[in-house]
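Throughout, read-outs are computed from the coordinates displayed, never taken from laboratory work. Being a predicted model, the structure only gives us computed values, none of them experimental. When we count neighbours, we look across all protein chains shown, and the Cβ atoms used for this are built from the backbone with ideal geometry, even at glycine.
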Amino acid sequence: MSDRPSVLLYDWDNTLVDGWAGITAALNAVFSAFDKPLWTVEDTRHRVRVSLRESFPVMFGDAWERARDLFYATLADRHLEHVQPMPGAAEALAAGAPWPQGVVSNKAGDFLRREVVHLGWSAHFGAVVGAGDASSDKPDPAPIHLALARLEQPATRAVWYLGDTALDMQAARAAGVTAVLIGDAAHDGGVARAAPDRHFSSAHALADWLRATTGRVM
């Protein structure tokens, strides 16, 4: 593990943004169509980990592509209305400006990039990789490796991948980079289950550390 990172790669949902209300609304449109019980936002926060192309075949069997199309149609209508920065996220991205930064998410790439633009964060990121952009999705290392290729950076322990779940930490380790947990992972079994290489209690704490590392005062 490197004390000073060379690259900062971030997960998206629940790490940099809170978009769970939009995801829940789209899921519930699908669940209603398939006569399945509806989820609350907290259900979504606790249950959604892997990408849709991994989870929907398990949930909907042979009808998963129809379920997928309904989910994306619903999400396309309203998802930007629900996207809000996580507390401290904007400060962390500003503090991380001296480093190459990117996003690696299990949110579908087209939706992810629209949200980045909507928040006015495009200038922060040299790579934005979502589900479907690489050959496999997290926890496979392929999306992290794709983001690093776009940044023209090697996959080393000096690269930090920052996320909020054990799956994010698993993806970082698979990619050969440093696994950094943001928050307490209470929605995913806690810090011990995530077993990060490095832990920050919040995005605010990360921003403070990055500023201290570069000697910047903001």
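Hey, what number do you get for the chain at 222 nm if only DSSP H runs of n ≥ 4 count, each worth -39500 (n - 2.57), divided across all residues, to the nearest 500?
The per-residue figure over the chain is -14000 deg cm²/dmol.
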Mean Cα-pair separation over length for the chain, i.e. relative contact order, pairs under 8 Å, 6 or more apart, %: 25 percent
Linear extension gain, Arg47 paired with Trp209, 0.36 nm per residue minus alpha-carbon span: 55.3 nm
The stretch 20-82, relative contact order in percent, only Cα pairs under 8 angstrom and at least six apart counted: 50 percent
Tail beyond 15 Å, pair distance distribution of the stretch 20-82 (Cα, percent): 47 percent
Euclidean distance of C-alpha centroids, the stretch 123-168 and the stretch 16-87, integer Å: 22 Å
Percentage of interatomic Cα-Cα distances in the chain larger than 25 Å: 36 percent
On Cα atoms only, tilt of 109-118 relative to the major axis of the chain in degrees: 60 degrees
In degrees, nearest ten, helix 20-33 long axis to first principal axis of the chain (Cα): 20 degrees
Distance histogram for the stretch 99-218 (every C-alpha pair counted, 5 angstrom bins, percent rounded to whole numbers): 2, 12, 19, 23, 23, 16, 5, 1, 0
Quotient of Cα Rg and 2.2 N^0.38 Å for the stretch 22-148, N being how many residues it contains: 1.12
Angle between the chain longest axis and helix 203-214 axis [Cα atoms, degrees, rounded to 10]: 30 degrees
Dipole of the chain, positive end: most advanced residue of Ala149, Ser202, Val103 [Cβ charges, Cα centre]: Ala149
Computed over the stretch 111-181, Cα set: Rg, Dmax in Å: 12.0, 32
